[in-house]
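To keep things clear, I will list the structure first and then write my remarks on it.
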Amino acid sequence: MSSWPLEAIYTSPLDRALYTAEAVAKPHSLTPIVLPELQEINFADWEGESIPELERVQHENFARWRADPFFNPPPGAETWEKLYSRLSRAVKLFLNESYRRIAVISHGGIMRALYAVLVGLNPHKVWNMDVSNCAMSGVEMRFGRACLVFANDDLHVRAGKYGENLPVWGDSYEFRSRA
């Protein structure tokens, strides 16, 4: 992202996102703006638990959550209404700032929720979208509407495994894996 003309970088306060935001900010001489609204979803009693353990011990609750995560939260966890409210505050902040080119560094659950809040995708279905670590998604404002331009692009991560150089966005490219 060093070739992108970023003007601001917003990040979750959690270390794993903040470290990424600092790395993205460095070539731009920017300081990430920490927004608590971008912190990962609060899973309450499930925080820090392993998925296999939750599947075993909380089988019915886990099955309901997996079927529709935003609308079947773990006991005591953040509801869709609360999550929607906090992300709407963040989106309003983004849109009211004078920055035109921003990066948002956050977490998988939050990125899915942002697809629903910002672009208007169905919150019951966004969990069907893959969100890989360090993947990028792009949203452009067009005629007052948010348009999803690309989602879950992790080519830079996959290409790095093969020593490929990537072009600047907008250039055409082909990804050639090495057998």
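Considering only protein heavy atoms and a probe of 1.4 Å, how much of the accessible area of the range 55-107 is carbon and sulfur, as a whole percent?
On the way: 1620 of 3370 Å².
The computed percentage sits at 48.
Hydrophobic, long helices, defined as DSSP H runs whose alpha-carbon span along the helix axis is 18 Å or greater and whose mean Kyte-Doolittle value is at least -1.0, occur in the chain at 80-96.
Pairs of lysine in the chain with Cα under 28 Å and at least 8 positions apart or on different chains: total? Spell out each step's value before the answer.
Values: 26/92; 26/161; 82/92; 82/125; 92/125.
Going through the chain pair by pair, I get 5.
I'd like the FRET efficiency for residue 45 and residue 125, computed as 1/(1 + (r/R0)^6) with the beta carbon distance as r and R0 of 25 Å, rounded to 0.05. Step by step, r from the Cβ atoms, then E = 0.45.
Rounded to the nearest whole Å², what accessible area per residue is found for the chain with the 1.4 Å probe? Spell out each step's value before the answer.
Working: 11150 Å² over 179 residues.
For the chain, the solvent-accessible area averages 62 Å² per residue.
Take 117-125, 54-62 and order them by the average number of nearby Cβ atoms within 10 Å per residue, most first; the result is 117-125, 54-62. Beta bridges per DSSP, both residues in the chain: antiparallel share near 50 percent.
Going through (i) -0.85, -1.18; (ii) -0.75, -1.19; (iii) -0.67, -1.15, the figure that equals log10 I(q)/I(0) by the Debye sum over Cα atoms at q = 0.13, 0.17 Å⁻¹ as computed for the structure here is (ii). Taking label positions 7 Å along the Cα-Cβ direction at both residue 141 and residue 79, the computed distance is 3.1 nm, reported to one decimal.
The values are calculated or read from the model by the stated rules, or taken from the named source; none is laboratory data. What you are looking at is a predicted structure, and each value in this text was computed from that prediction instead of being measured. Every residue, glycine as well, gets a Cβ built from its backbone with ideal geometry; the counts of neighbours run over all protein chains shown. Just the protein is used for accessible areas: all its heavy atoms, side chains included, with ligands, DNA and RNA removed. Shrake-Rupley method; radii C 1.70, N 1.55, O 1.52, S 1.80 Å.
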